[in-house]
Structures are given as structure tokens and as C-alpha cells.
Amino acid sequence: MISDALKTRLAKDRPMTSITLRIPVDVVESLKALAPFRGFSGYQALLKAYISDGLRRDEAEYQSGRTAKLLAELKARGVPDSVLEEAQRAAA
């Protein structure tokens, strides 16, 4: 099942904003050279993909890490596994 957050992230009509980044010229040149090899038409799309990949990885790490710590603490305090599993299923 796809979460609501993921559904929102996959929507094509999400609001967008423009930002300005100062990036060294050699980094931009490297992005331009690599973009075609990664299947992108330009360096900006590749840069967005890098940001998106890193963001998804960090979100997964921090969300799952926080959840795992919470479950461990609840279990240490005597909350039965069946209750923890039921709560995880309900939250998914």
C-alpha cells in the first residue's frame, strides 16, 4: 500500500518553487557531462534526482530509526509484541 506522503510526492501537479544555488563551475560541468549517461536531458534534472535520492534515503533512515527506537522503548516497558505489531500495521 502506498502511503499518503508518497502519493503526494508522486503527484505530477505538486506546487513548485524556484531556488538559487551557488555551485562551483566544475561541479556543474561534471553534472552536464554525467547527465546523458544517467538518462537525463540536462544537468538540472540530474541535480533534482540526486537531491530526491538523498532526501528519500535520509527520510527512510530517520523515520525508521526513530520508529525502531520507539518500539524498543515500548517493548522494554512491557508493551506486548502483539500490541506493537497491531500499532505498526495501523500506522502503515
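Rule-based calculations on the coordinates, nothing more; no lab input. Nothing here was measured: the structure is a model prediction, and the numbers come from that model. When we count neighbours, we look across all protein chains shown, and the Cβ atoms used for this are built from the backbone with ideal geometry, even at glycine.
With θ set to phi - 60° and the Karplus curve 6.51 cos²θ - 1.76 cosθ + 1.60, what are the ³J(HN,Hα) couplings of segment 23-32 in order, to the nearest whole Hz, using x for Gly and Pro?
Result, rounded to whole Hz: 10, x, 4, 5, 5, 4, 4, 5, 4, 4.
Top mean-square fluctuation among Pro24, Pro36, Pro15, Gaussian network model of the chain, C-alpha springs under 10 Å?
Of Pro24, Pro36, Pro15, the most mobile in the Gaussian network model is Pro15.
Based on other C-beta atoms within 10 Å, arrange Tyr43, Tyr50 from fewest to most.
With the fewest neighbours first, Tyr43, Tyr50 line up as Tyr50, Tyr43.
Give me the extension gain from Glu86 to Arg22: residue separation times 0.36 nm, minus the current Cα-Cα distance, reported in nm with one decimal.
Answer, rounded to one decimal: 18.3 nm.
Report the longest stretch of the chain that contains none of the trypsin sites (Lys or Arg not before Pro) sitting in a DSSP loop with at most 10 other Cβ atoms within 10 Å.
23-76
Please compute the contact order of the chain in relative form: average sequence separation of alpha-carbon pairs under 8 Å and at least six residues apart, divided by the residue count, as a percent.
Dividing the mean separation by the residue count of the chain yields 15 percent.
Given the -39500 (n - 2.57) contribution per DSSP H run of 4+ residues, what per-residue ellipticity at 222 nm results for the chain, rounded to the nearest 500 deg cm²/dmol?
It lands at -22000 deg cm²/dmol.
To the nearest 20 debye, what charge dipole does segment 23-91 have about its Cα centre, counting +1 at the Cβ of each Lys and Arg and -1 at the Cβ of each Asp and Glu?
The calculated dipole for segment 23-91 is roughly 60 debye.
Would you compute the Debye intensity of segment 23-91 from its alpha-carbon atoms alone, equal scatterers and no solvent, and pass along log10 I(q)/I(0) at q = 0.12 Å⁻¹ to two decimals?
-0.54
For the chain: lysine pairs with Cα atoms under 30 Å, gap of 8 or more or different chains, count?
So the count of such lysine pairs works out to 5.
Karplus couplings for segment 43-48 from phi (6.51 cos²θ - 1.76 cosθ + 1.60, θ = phi - 60°), rounded to Hz, Gly and Pro as x?
These are the phi-based 3J(HN,Hα) values: 6, 5, 5, 5, 4, 4 Hz.
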